[in-house]
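Before any comments, here is the structure.
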Amino acid sequence: MTEKKSLSAGTILLGIALIAIGVLVLLSNLGRLPFDLHLHEWWPLILIFLGVAHLYNNRNIFEFSGLFLLLLGVIFLLANLDVICWSDIWRFWPALLILLGVSIIFRRHPVALPLAGRAGAGDGDDTVQVTNILSGSDRHVTSREFKGGDVQNILGGTKVDLLDAKLAAGDWLLTVSTILGGVEIFVPRTWNIEVQPTNMLGGVDDRTRQAPAAGGGKLVIKASALLGGIDIKN
């Protein structure tokens, strides 16, 4: 079986952030800090750290899940610090449309981030590009030189069937993100894959049992789930 459980840079960053927050809160509770730490004011930093982790994990600063978490974290933090009023938060909802539009336009041009890994997505007919919003989609890929791609699912259901495809030589990236929805990814048993999950109140389930062929390519699946689920299986 291929190695699929290595930690992504985003997951490591999130773990470090949670450890730091836990240490600060513990020291505050023990009275060891020279200042007062009011966790009820700074808890939105957790959302901001989660957003950064999503962006790192998907190696794309335009990934919607990460931007969504960053926006929520910044707005809630400003409200807690009395920079804006809680009653005015609803006025910022159009920013979600702006983020979604930016993500859709630039999602095919990922921007490399430090520690984000070397695998890349290809271009053209040998990739899968899916944006599913408030609907369902079923994509059957038969490319003989599959080179990854990008799948975004928001408030819907998406199925991507790669069983009849052939993976191109080299390392390729498939980013998958879902918000309030579900995604199913079917991969052949003969592929060498590595799944790198990032979750928040959701789940990424790797059910694959791989027996990769010698000399084949490698598919890195960077999966992020926010209040949803991603199921990867044979």
Likely footprinting exposure, Trp93, Trp42, Trp172, fewest C-beta neighbours within 10 Å first: Trp93, Trp42, Trp172
Radius of gyration, Dmax [region 124-233; alpha carbons; angstrom]: 13.0, 41
Taking the Cα centre of region 124-233 as the origin and placing charges on Cβ (Lys, Arg +1; Asp, Glu -1), which of Val160, Gly170, Ala225 is farthest toward the positive end of the dipole? Gly170
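For Gly170, what charge total do you get from the other residues with a beta carbon under 9 Å from its beta carbon, if Lys and Arg give +1 and Asp and Glu give -1?
After counting each charged neighbour, the total is +1.
Work out, step by step, the length gained on full extension between Thr142 and Val102: first 0.36 nm times the residue separation, then minus their alpha carbon distance; give nm to one decimal.
Values: separation 40, 0.36 × 40 = 14.40 nm, distance 2.94 nm.
Stretched fully, the Thr142-Val102 segment lengthens by 11.5 nm.
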Per the 1/(1 + (r/R0)^6) rule, R0 = 35 Å and r from the Cβ atoms of Asp161 and His40, FRET efficiency to 0.05 is 0.15
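Every number here is computed from the coordinates shown, using simple stated rules; none is lab data. Model, not experiment: these values are computed from the prediction. Cβ coordinates were reconstructed from backbone atoms using ideal geometry, including for glycine residues, and neighbour counts include every protein chain displayed.
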